[in-house]
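A quick write-up on the structure given underneath.
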Amino acid sequence: MTSSSWPLGFSATGLAAGLSKKKGKKDMALFMSHVPANGGAVFTNNQVKAAPVVLTHDRLIKTRGHVRAVIVNSGSANAATGRPGMHDALTSTGWVADGLNISKDEVWVASTGVIGTRINLPKYKKGAKRLMDRVKDGSVTEGALAAEAIMTTDTVPKKAEITFLIDGTPVRIWGCVKGAGMIHPDMRGPRGQLHATMLGFILTDAAIRPAMIQRALEWVADKTFNCVSVDGDTSTNDFVCVIANGVSGAKEITTTEERAYFAFRSALHEICERLTTQMAMDGEGASKMVQIFVESARTETAARQMAAVIASSPLCKTAFHGADPNWGRILAAMGRSGVKFDPTRVRIWLGDMLVCKGGVEVPFDEKAAITYLKNKRLIVRVDLGLGKRWSHYKTCDFTGQYVGINAGYRT
């Protein structure tokens, strides 16, 4: 990690604390700002919410967006654990607050792993102490280790970084996510506005007020994280946060009307696009990443709803895996999406090959279509012929490996 790409004033690292069943796997991470910072977050809309989600949600509201550190573990989701689970979340964040000499309400927490299991607190405490000892050194910028530590069934760490300018001053944004299964995020802001297991941590040295972070993140999350699906299952633990500490020295962003706000939001959108692409490519057992575009819809909401159904359809996803140009499965998924449309206006493309027009097949080169569908990255386009709005979803194919991974995830 070069000094030019890592946000100033932050430290992060990850290590193996013995919480994971995989011997030697990194399973705890800590992100910390060495100066007071502002934050925003979006949380799962699943009615069953993990203790870390509930606690962090409440602290975000209580402090009005002030945060200094986020501690994360993999190996246990600390979801469906009742009062003992909340006690564990409170206790663990208390250790971090004491160790870093910061307010407990400015410590956020996230967990991922098996639902219904509690965290091993003795191991967690030892791991937290080692993490804190490491990040107290302001020169420690081990984001790559943190990205590894939050992984569960992920095969590769997922991270991205951008440097952009605000009135000529360089501002840095760095982010990492985990997510390969139980991915169909539906995340909202802390007060329920619409704007995984999917966790995302984004750090920036921009100077921006909490309300502006929240507005930008909700807008971006709705167009990126809420538009990716591996298997159609929304997690109890989905959580994405942005933390900004202002150390870049750039002017503070105080309203959503100024040019600097849109520059920040654009950079945040780019980071999240890169991260969600990596998630779709690394879906459990996946061999292909597929982008579904629904165009010429009456509303963006309708387009996204239809794209989501296509993206999460097991029949469509297995056809993508088998390089089967079975466009009828796409049309059938559209028909059960709940979006009203006229099939006689529909056109469907596989890549740049038109395979359906007016709701019926048009002559196409099936061998060429099969060859296209063997690629590692695919694009499916649907034109409804109804309006000017569009949306998209990122997904992956279904393979036998997905079944194998999830048939014995707990055991």
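Looking at the chain, what % of its DSSP beta bridges pair antiparallel, to the nearest 5? About 70 percent, rounded to the nearest 5. Ordering Val382, Val67, Val35 from the fewest to the most neighbouring beta carbons within 10 Å gives Val35, Val382, Val67. Karplus-derived 3J(HN,Hα) values for region 369-386, using 6.51 cos²θ - 1.76 cosθ + 1.60 with θ = phi - 60°, are 5, 5, 4, 4, 5, 7, 5, 7, 10, 10, 10, 10, 10, 10, 10, 8, x, 10 Hz; glycine and proline are entered as x.
Using a simple spin-label model with pseudo-atoms 7 Å out from Cα toward Cβ, Thr299 and Arg336 lie 2.4 nm apart.
Convex hull volume of the C-alpha atoms in region 10-281, normalised per residue: 106 Å³. Counting Lys and Arg as +1 and Asp and Glu as -1 over every other residue whose Cβ lies under 11 Å from the Cβ of Ser74, the net charge comes to +2.
Taking square-rooted eigenvalues a ≥ b ≥ c of the alpha carbon gyration tensor, is region 270-336 rounded, prolate or oblate, where a/c under 1.5 means rounded and, failing that, a/b exceeding b/c means prolate? Don't skip to the answer; put the middle values down first.
On the way: a/c = 2.39, a/b = 1.07, b/c = 2.23.
Verdict is oblate for region 270-336.
Rounded to the nearest 500, what is the chain's calculated 222 nm mean residue ellipticity when only DSSP H runs of at least 4 contribute -39500 (n - 2.57) each, over all residues?
Details: 11 runs with 137 residues, N = 411.
Helix-only estimate at 222 nm: -10500 deg cm²/dmol.
Taking the mean number of other Cβ atoms within 10 Å as a proxy for protection, how do you rank 124-137, 146-159 from highest to lowest? Intermediate results must be reported in sequence, preceding the final value.
Working: 124-137: 18.4, 146-159: 22.4.
For the peptides 124-137, 146-159, the packing ranking is 146-159, 124-137.
Simple rule: put +1 on each Lys or Arg Cβ and -1 on each Asp or Glu Cβ in the chain, find the dipole, and look at Ile173, Leu90, Val290; the Cα lying farthest toward the positive end is Leu90. Here the gap between Asp352 and Glu270, fully extended at 0.36 nm per residue and compared with their Cα-Cα distance, gives a gain of 27.0 nm. If only the Cβ of Lys and Arg carry +1 and only the Cβ of Asp and Glu carry -1, the dipole of region 227-381 around its Cα centre is close to 400 debye. Neighbour counting of Cβ atoms within 10 Å sorts the residues Glu284, Glu161, Glu366, fewest neighbours leading, into Glu366, Glu161, Glu284. Positive-end ranking of Gly99, Val135, Tyr124 along the dipole of region 97-150, with charges on Cβ about the Cα centre, is headed by Tyr124. Across all Cα atoms of region 289-407, the radius of gyration (one decimal) and Dmax (whole number) stand at 13.7, 43 Å.
What's the magnitude of the charge dipole for the chain around its Cα centre, counting Lys and Arg as +1 and Asp and Glu as -1 at the beta-carbon? Answer in Debye, nearest 20.
On the way: 52 positive and 37 negative charges, 143 e Å.
Result for the chain is approximately 680 debye, rounded to the nearest 20.
In whole angstrom, how far apart do the alpha carbon centroids of region 81-148 and region 245-324 sit? Spelled out, the Cα-based centre of one part sits 29 Å from the other.
What FRET efficiency, computed as 1/(1 + (r/R0)^6) with R0 = 41 Å and r the Cβ-Cβ distance, is obtained for Asp137 and Glu258, rounded to the nearest 0.05? All intermediate terms of the calculation are to be shown ahead of the outcome.
Numbers: r = 36 Å, r/R0 = 0.87.
Plugging the Cβ-Cβ distance into 1/(1 + (r/R0)^6) gives 0.70.
The length gained by stretching the chain between Lys21 and Thr169 to full extension, at 0.36 nm per residue less their Cα-Cα distance, is 48.8 nm.
Fully extended, how many nm does the chain gain between Asp58 and Arg130 (0.36 nm per residue separation, minus their Cα-Cα distance)? Walk me through the numbers on the way to the answer.
Details: separation 72, 0.36 × 72 = 25.92 nm, distance 2.70 nm.
Fully extending the segment from Asp58 to Arg130 adds 23.2 nm.
FYI, it's all coordinate maths here, none of it is from the lab. Owing to the predicted nature of the structure, the values given are computational and were not obtained by experimental measurement. Methodologically, a virtual Cβ is constructed for each residue, glycine included, from the backbone with ideal geometry; neighbour enumeration extends over all protein chains shown.
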